[in-house]
1. If you take the residues of the range 53-73 that are surrounded by 13 or more Cβ atoms within 10 Å (Cβ to Cβ) and charged (D, E, K, R), which of them is nearest to ligand 1 (Cβ to nearest atom)?
2. Output the number of residues of the range 129-140 satisfying the condition of being of a type outside the set (Asp, Glu) and surrounded by 14 or more Cβ atoms within 10 Å (Cβ to Cβ).
3. Checking GLU42 against (1) of a type in the set (D, E, K, R); (2) within 13 Å of the chain's Cα centre (by Cα); (3) more than 18 Å from ILE119 (Cα to Cα), only one condition comes out false. Which one?
4. Limited to the range 49-72, what total is found for residues that are over 15 Å from TYR116 (Cβ atoms) and out of contact with any helix residue (DSSP H, G or I) (no Cβ under 8 Å at 6 or more places or on another chain)?
5. Of the residues that sit in the range 97-128 and are buried (at least 18 other Cβ atoms within 10 Å of the Cβ) and free of Cβ contacts under 8 Å to residues at least 24 places away in the same chain, which one is nearest to ligand 1 (Cβ to nearest atom)?
6. Conditions first: (1) within 16 Å of the chain's Cα centre (by Cα); (2) over 28 Å from ILE135 (Cβ atoms). MET33 passes all but one, so which condition is the exception?
7. For LYS2, are the conditions met, namely being in contact (Cβ under 8 Å) with a residue 60 or more places away in the chain and out of contact with any Ser or Thr (no Cβ under 6 Å at 6 or more places or on another chain)?
8. Identify the single condition in (1) modelled with pLDDT under 95; (2) farther than 27 Å from ASP7 by Cα that PRO67 does not satisfy, given that it satisfies every other one.
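The values are calculated or read from the model by the stated rules, or taken from the named source; none is laboratory data. No experiment lies behind these values; they were computed from the predicted model shown. Every residue, glycine among them, receives a Cβ derived from its backbone with ideal geometry; neighbour counts consider all protein chains shown.
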Amino acid sequence: MKGIYYDGKDALYREDIPMPVQKAGESLVKIRMCAVCNTDKEVRKGYRPDFRGVMGHEFVGEVLDSPVKDLIKKRVVGELNAACGKCIYCKTGRPTHCDSRRVLGMSDKDGAFAEYMTIDTDLLHVIPDGLPDEIAIFTEPLAAALEILTQIHIFPISALQTTRYMQKAPLMFARALLYSFLQRETSRASLSKKKIPSSEAATV
Ligand SMILES: [Zn+2]
Ligand SMILES: [Zn+2]
């Protein structure tokens with residue numbers, strides 16, 4: 001099959017990549033669309049020197065085969081980290097710290113820049129009907145943004161600063177904006193939960 005393969009030195013376009021074979025618990029996915037993440041550029045520069053294989057982790061695909069029959073023919077996106085389920089971190093509810101985690105297109109697992117890919121079925125998420133591929137493709141960066149909500153500090157910035165931040169660190173800036181938005185929504189929600197005294201309520 002066709003795909004983009006990292007050989008330890010560069011990203012190569014190949015047409016002789018073997019068709020992936022499903023392992024127990026994996027689904028076979030036909031790739032419909034991919035996005036290039038900054039991490040892919042870093043892999044190309046040697047960020048994961050031991051990795052050899054198909055690159056890419058941001059994708060929209062269609063499930064061709066799966067142990068979960070309801071998933072077949074569904075459009076899906078997927079998480080990139082596959083935890084082992086056996087180490088101390090996995091057993092204590094911290095799979096993102098897993099000792100031997102495989103990472104799609106980066107570590108011990110072929111990624112999505114190819115015609116077909118296999119992936120742990122647990123990592124798949126069905127895309128709702130009506131959500132186009134072009135929007136669904138941003139699921140993974142959005143998830144990454146949500147993951148660090150508690151680790152950043154938001155401060156007021158000007159339009160000029162906004163442009164500079166967007167050029168320098170677009171993902172970090174997206175995270176910051178999202179955090180700011182969610183903070184506003186959260187405080188709005190908690191305000192609306194406050195009981196309105198009956199005298200005020202009568203005038204609303
Ligand atoms: Zn990414
Ligand atoms: Zn583990």
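1. Checked the range 53-73; the qualifying residue nearest to ligand 1 (Cβ to nearest atom) is GLU58.
2. 4
3. Among (1) of a type in the set (D, E, K, R); (2) within 13 Å of the chain's Cα centre (by Cα); (3) more than 18 Å from ILE119 (Cα to Cα), GLU42 violates only (2).
4. 5
5. ARG101
6. MET33 satisfies every listed condition except (2).
7. yes
8. (1)
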